[in-house]
Amino acid sequence: MTIEMLSYRQLGERLGCSRDAARALVKRLRLPLHKANDGKALVSVDLGEINHNLMPTDSSADQLPVTASLKKRIEPKLEATAAIHQAELERERERAERLMSELLRAKADALAARATVSRLEGELAALRSRPWWRRLARRKKQPSGSFDVPQTDTNVQAVFASSEVA
C-alpha cells in the first residue's frame, strides 16, 4: 500500500475515531511524526498495515441481565453507605456548631479580659504618675465626704511639710 501523510484529524476520520484516539494510536504504534509548515503534526502511515478495531460503545443484550443483577446487589449497599455518611455529616455539623459557640464564648471572654487589662493599666499609670511619697501616705475617703489623713510617723509629716513650703 501507499504511505500517506495525515494529520491527527484526518487519520481519525479515516479510522472512524476521534482526533485524540488517533493521536493515542500513533503514540502507541510509534509511527513517525513530521511537523508541517503550519505547525500541525503529520503522521506517516500506511493504512493497510494498521489493524485498528474500534471498541463497541453500546452494550450487548447479553450484558444487560448481569448489569441489572449487579445493580440490585449494589444499590442497597449504596443506600446504607449514604445513610451512614449522612449520619456522620450530621454529627460533624453538630460538633462544628458546638465548637463555634465555644469559640464565640472564648472570644467574648478574651475581649472582657482585654478591657479589664486596659482599665488596670490606666489605673496603674495614674498611680505611677504620683510621687512615691504620695502613694505611701494615700488619703482615705470618709463616709461624710471629708478626707482624713492617715496617721503617719513624724519623718513622713516633715517631708510633707517641706514639700508644701517649697
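The values are calculated or read from the model by the stated rules, or taken from the named source; none is laboratory data. Please read all numbers here as calculations on a predicted model, not as lab measurements. A quick note on method: Cβ atoms are made from the backbone with ideal geometry, for glycine too, and the neighbour counts reach across all protein chains shown.
The table below lists the values:
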{"read-out": "Identity of the residue in the range 42-52, modelled with pLDDT under 90 and in contact with a helix residue (DSSP H, G or I) (Cβ under 8 Å, 6 or more places away or on another chain), that ends up surrounded by the most Cβ atoms within 10 Å (Cβ to Cβ)", "value": "45"}
{"read-out": "Of all residues making up the range 11-22, the number that are assigned to a helix (DSSP H, G or I) and either surrounded by fewer than 17 Cβ atoms within 10 Å (Cβ to Cβ) or of a type in the set (A, V, I, L, M, F, W, C) (or both)", "value": "8"}
{"read-out": "Residues of the range 21-47 that turn out to be charged (D, E, K, R) and free of Cβ contacts under 8 Å to residues at least 12 places away in the same chain, as a count", "value": "5"}
